[in-house]
Every structure is written in structure tokens, then in C-alpha cells.
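Presented below is the structure to which this report refers.
The values are calculated or read from the model by the stated rules, or taken from the named source; none is laboratory data. Fair warning: this is a prediction, and the values are worked out from it, not measured in the lab. Glycine gets a Cβ as well: all are built from the backbone with ideal geometry, and neighbour counts include every protein chain shown.
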Amino acid sequence: MDFQWNLVWSSVPTLLEGAVLTLQLTTIAVSVGVVLGTIFGIMRLSRTPLRYLAMGYIDFIRGTPLLVQIFIIYYGVPNLLPRLFTTGIQPYVAALVALSINSGAYVAEIVRAGIQSIEKGQTEAALSLGLSSTATMIHIILPQAFKRIIPPLGNEFIALLKDSSLVSAIALEELVRKAQIVSGRTFRPFEVWFVVAIMYLIMTVTVSRIVSILERRLRVGE
């Protein structure tokens, strides 16, 4: 079977549209995930009943497949709350919510580990100087923790970038869904999926390089 380069070039614009949507979904989801993860990561370390809420959230999300979570948001929530979602949930919204919630659980564990890596003596010193626990966490602990968790956050971005392909199951036209459409139209799956693989490779390698640059600039670990 001859490799049809003309098909590759003709399919690139359509696949690029899907790649842009994939990057958009991943960027927003990880950004929201960082916020959720920071909140639940701190809750996980607290000595209040809130830690059990955080543990339940983290364990449920990390212990169930992302595809199931997407289906719960897209199909399950409108059935549970029909008055609020009379016309259902848009695929884009469902995908974004599911990816954000999923990312939040993984980031929570990353943040927890980052906070625990900071020496306890710094917290004790800050408290002895009159800072409150909240001020100590915001101004002393979190800035240092975030420098240390940049590499695992980069890995989380890459993992979610690839896992976002699962939203094609609810007909959202990101990169994989676009590839399915083009492949079905041209009957040339090898060329189409080869281009998709290269696009994912370019995106993941680029993210890895950006993370490496951030590590060097922030001098992580020093």
C-alpha cells in the first residue's frame, strides 16, 4: 500500500482544528485542576473533617476511569437534574467539567506531596514570628511547594492532553474525533492516524521542553 502524501497534506487543516481544541480543553482543565487541586490538597492535610471530603473526592476520581466520569457528567447529570438541564449538557461543557474534576484530583496529590516536602521548621519559624497558619501557607509554604511540583504538573498536563482523546466518545470534535471523521471519509486510516500521532508527539514534546525551561529558570531543588 502506497503512502498517500497528498491525503496527509489535505487532512492537516482539519486535524489542526481538532488539535487546537485539544490544547484548549487541556489548558483550561489543568488550570482549573490546579485551583481545585490546591484547595483539596490543603484540605487533605488539614486536621478537620474536611480532610475526609478531600480523601473521598481524590479516591473516587483516581479510582474510576476518566471515560466513566465523562459519561456520568454527560449522560448522568441531566437525568439526575432534569429541571436544570432540560436540553442536556453540551459536549464541550461536559468534557471540560469532567477533565477539570479529573485533573483536580491528581493535582491535589501533587500539591499535597509538594507541601509535605517543605521542612516543618519553616512553618514553625513563621508561626513563631506571629504569622497565622493561613498566612504561612500562602506566603511561605505554597510558593516553595509550587516550584517543586512543576515537573509533576507538567506530567499531569501531558497525561491529560493524551487522555482528552476520550471526549471523542461524546462526539466532541477534538483531534481524535476529527481523525475518525477524516478516516471514515477517505478510507485511508493509516495516513490519518500517522498524522495524529505526529501531532500528539509535537504537543507533548513541546510541553516537556517548556517544563524543562521553567525548571531551570526557577532552579527547582536549590
* Asked: Can we say Ile149 is modelled with pLDDT under 95, closer than 21 Å to Phe40 by Cα and buried (at least 21 other Cβ atoms within 10 Å of the Cβ)?
  -> yes
* For the range 126-146, which residues satisfy the criterion of being surrounded by 17 or more Cβ atoms within 10 Å (Cβ to Cβ) and free of Cβ contacts under 8 Å to residues at least 24 places away in the same chain? -> Ala126, Thr136, Ile140
* Neighbours by Cβ (under 6 Å, 6+ apart or cross-chain): first from the range 148-163, free of Cβ contacts under 8 Å to residues at least 60 places away in the same chain; second surrounded by 21 or more Cβ atoms within 10 Å (Cβ to Cβ) and part of a helix (DSSP H, G or I) -> Ile149/Ile110; Ile149/Gly114; Pro152/Ile110
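Output the residues belonging to the range 74-101 that are touching a residue at least 24 places away in the same chain (Cβ under 8 Å) and farther than 18 Å from Glu174 by Cα. Full working, then the answer.
Pass one, the range 74-101, residues touching a residue at least 24 places away in the same chain (Cβ under 8 Å): 74, 91-92, 94-101.
Hit for the range 74-101 is Ile101, nothing else.
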* Only one residue in Tyr106, Tyr75, Tyr92 is surrounded by 17 or more Cβ atoms within 10 Å (Cβ to Cβ) and among the aromatic types (Phe, Trp, Tyr), so which one is that? -> Tyr106
* Going through the range 180-205 one residue at a time, which ones are closer than 15 Å to Ser165 by Cβ and of a type in the set (Ser, Thr, Tyr)? -> Ser183, Tyr200, Thr204
* Could you check the range 97-215 for helices (runs of 4 or more DSSP H) lying wholly inside it with 2 or more residues that are touching a helix residue (DSSP H, G or I) at 6+ places or on another chain (Cβ under 9 Å) and not polar (S, T, N, Q)? => 120-128, 142-148, 150-163, 175-186
